[in-house]
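Here, each number is a calculation from the coordinates, and none is a lab measurement. What you are looking at is a predicted structure, and each value in this text was computed from that prediction instead of being measured. Positions of Cβ are generated from backbone atoms using ideal geometry, with glycine treated the same way; all protein chains shown enter the neighbour counts.
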Amino acid sequence: MNSARSLQLKAALLSVLILLLVLGIWYIATASSGAAGAAAGLTAEQIEYAKMMGKEVGAAKSSGFPTLGQMGSTVWGHLANPFYDNGPNDKGIAIQLAHSLGRVGLGFGLACLVAIPLGFIIGMSPLLRRAFDPFIQVLKPISPLAWMPLALYTIKDSSVSGIFVIFICSVWPMLVNTAFGVAAVKRDWLNVASTLEVNPLRKAFLVILPAAAPTILTGMRISMGIAWLVIVAAEMLVGGTGIGYFVWNEWNNLSLTNVIFAILVIGVVGMLLDLAFGQLQKAVTYVE
Amino acid sequence: MWSEVPSRVATPVAIAPTSPQRKVSPVDGFLRIEQLSKAYQFDKPVFADVSFTLERGEFVCIIGHSGCGKTTILNVLAGLDTASSGHVFMDGREVAGPSLERGVVFQGHALMPWLTVRQNIAFAVKSRWPEWPAAQINVQVEKFVAMVGLSHAIDKKPSQLSGGMKQRVGIARAFSIQPKMLLLDEPFGALDALTRGTIQDELMTIVRQTQQTVFMITHDVDEAILLADRILLMSNGSETATGYVPGGIAEVVVNPLPRERTRAGLHHLDGYYELRNHIVDFLVTRAVAH
């Protein structure tokens with residue numbers, strides 16, 4: 001107990017050190033490039049002129065990488081006012097995140113509604129398992145973004161297409177895991193249910209579902225991870241709103257501080273989603 | 001010397017299912033097994049022509065080597081498996097599929113690990129009497145948990161219990177639905193000798209109190225002698241000079257020891273060693289192990 005706690009403490013300390021190291025490298029790297037720009041001794045007009053002429057692009061780029069101070073003020077600006085809405089291309093980070101999470105939630109929810117019942121049926125019937133297997137094997141490895149043109153053509157709505165892409169990428173891990181979990185329920189438990197003359201519905205919900213729940217939750221966790229990866233790419237394609245569009249928009253504005261901030265937000269939200277599913281998984285896991 | 005039936009003679013398989021060697025009279029017998037056989041390969045049934053009866057309140061053990069088909073017979077009685085031919089009747093009705101009338105104690109306890117002891121047994125009780133209110137179910141559950149002496153652990157999960165305690169819960173679950181008979185598939189096989197002894201005593205007490213009819217598989221000769229009124233000795237199928245002979249009930253041994261025997265005093269009883277030697281001799285020389 002004590003040694004575990006001290007290990008935890010050491011690990012936390014090391015984490016902080018690594019963070020400080022990264023920030024330190026960042027600070028030194030951007031400071032020196034800024035100094036180099038200043039040493040060139042150019043006036044603001046000259047730099048502007050050089051940029052307009054497309055000259056010294058390399059120097060402009062290296063000095064364009066934000067310093068820690070710039071980064072900090074951007075982060076503070078976003079966090080201080082996350083809900084503002086100044087028209088289609090200028091919305092607060094919370095609004096963009098809400099759009100992304102809404103799409104992921106809808107696509108993922110629909111995928112749950114399809115994958116879990118279907119996985120249940122496939123898992124219970126060896127015949128259906130074999131019949132569905134070739135389709136699952138072919139469809140599973142397709143990159144979800146490959147569906148995008150087809151979705152845009154048939155659905156004719158970019159926002160719904162985004163949701164469809166999330167749906168299609170979340171459905172496979174859940175389907176495969178549910179089918180596997182249901183098929184792997186211990187024979188003994190099913191025999192107990194049989195000898196107690198438990199009706200099929202009660203058996204499905206009170207025996208098979210809890211027995212397969214850890215495996216199903218693992219599938220859902222994997223699906224959620226993939227969905228959060230895919231939403232950024234999908235929103236870059238379909239545009240309009242969302243954290244993915246925000247990244248693309250800020251890249252077009254050449255605002256690297258905003259891009260970096262968005263990247264950090266994507267990482268943190270992804271981690272929180274995974275943590276939430278980890279907790280759910282813990283809740284349904286049983287020790288034999 | 002204790003046998004009801006003479007030892008089986010090697011009969012070729014072709015005539016085995018039709019030969020009426022020993023017809024059980026259809027009037028008596030609470031549980032009647034008639035001419036049961038199971039074949040995974042058409043010409044080599046694991047066992048064939050298995051017929052025996054159980055009287056109400058009787059405790060019958062079946063003993064034999066692995067692979068002779070004991071578990072298959074028990075599963076057929078439970079309704080979890082089907083025989084290739086033959087019939088099983090309980091209380092005058094043919095057994096077709098699993099039923100709440102026959103409680104089963106599984107070899108690997110088969111408790112649901114996500115439920116507590118209370119919930120595991122309540123699941124069975126609720127299945128038996130769906131119309132019962134929660135309070136009545138709880139009373140029944142607590143009564144049967146107390147019967148196996150586990151009241152202190154009633155709200156624990158199976159993973160928090162020892163092997164012996166889990167098997168006790170399995171027994172309590174089987175008894176809690178008050179079935180007409182109990183089927184026990186080697187329930188103490190995975191337990192250490194000391195725990196096994198204690199639970200054997202408990203099981204015997206409960207069975208005597210409830211007048212339960214029990215059919216039990218065991219590998220343990222002493223367990224069979226302690227618990228059973230009759231012991232069925234089962235032989236494995238084997239290749240002989242005259243052809244393949246399927247497995248079956250080779251002999252039925254009636255236990256001559258007084259019914260009030262205890263585990264501690266068992267080996268002091270007259271006739272114990274003769275009985276034990278007889279069964280061990282059967283297993284060593286006649287049962288044909290693989």
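Results, tabulated for the structure shown:
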| item | result |
| --- | --- |
| Residue among A:Gln70, A:Gln137, A:Gln46 with the largest mean-square fluctuation in a Gaussian network model of chain A, springs linking Cα atoms under 10 Å | A:Gln46 |
| Cα centroid of segment B:31-91 to Cα centroid of segment B:96-169, whole Å | 27 |
| Relative contact order computed over chain A (Cα-Cα under 8 Å; 6+ residues apart), in percent | 19 |
| Extension gain from B:Glu260 to B:Glu142, taking 0.36 nm per residue of separation minus the Cα-Cα distance | 39.7 nm |
| On Cα atoms only, tilt of B:163-176 relative to the major axis of chain B in degrees | 90 |
| Helix A:243-252 axis, angle to chain A major axis (alpha carbon atoms, nearest 10°) | 20 |
| Cβ-based charge dipole, chain A, positive-most Cα from A:Ile216, A:Ile263, A:Met52 | A:Ile216 |
| CD proxy at 222 nm, helix term only [per DSSP H run n ≥ 4: -39500 (n - 2.57); per residue of chain A; nearest 500] | -27000 deg cm²/dmol |
| Cα centroid separation - segment B:238-259 against segment A:182-245, whole Å | 51 |
| Chain B: angle of helix B:134-147 to the longest principal axis, Cα-based, in degrees nearest 10 | 60 |
| Cα pair distances exceeding 28 angstrom across segment B:24-173, given as percent | 34 |
| Among B:Met147, A:Leu118, A:Ile168 the positive-end extreme of the charge dipole of the protein assembly as shown (Cβ point charges) | A:Ile168 |
| Restricting segment B:131-208 to GluC sites (Glu not before Pro) in coil, as DSSP defines it, with at most 14 other Cβ within 10 Å | B:Glu131 |
| GNM result for chain B, Cα springs below 10 Å: residue of B:Gln167, B:Gln136, B:Gln41 fluctuating most strongly | B:Gln41 |
| Given chain B, longest segment not containing exposed loop chymotrypsin sites (Phe, Trp or Tyr not before Pro) (DSSP; at most 13 other Cβ within 10 Å) | B:43-290 |
| Dipole in debye (nearest 20) - chain A, about Cα centre, beta carbon charges: Lys, Arg +1; Asp, Glu -1 | 840 |
| Peptide B:98-104 - average C-beta neighbours from other chains (10 Å radius) | 4 |
| Kirkwood hydrodynamic radius of the protein assembly as shown, Cα pairs, Å | 29.9 |
| Inter-centroid distance (Cα atoms) of segment A:247-266 relative to segment A:108-169, Å | 31 |
| For chain B, calculated [θ]222 nm from helices alone, where every DSSP H run of n ≥ 4 adds -39500 (n - 2.57) | -9000 deg cm²/dmol |
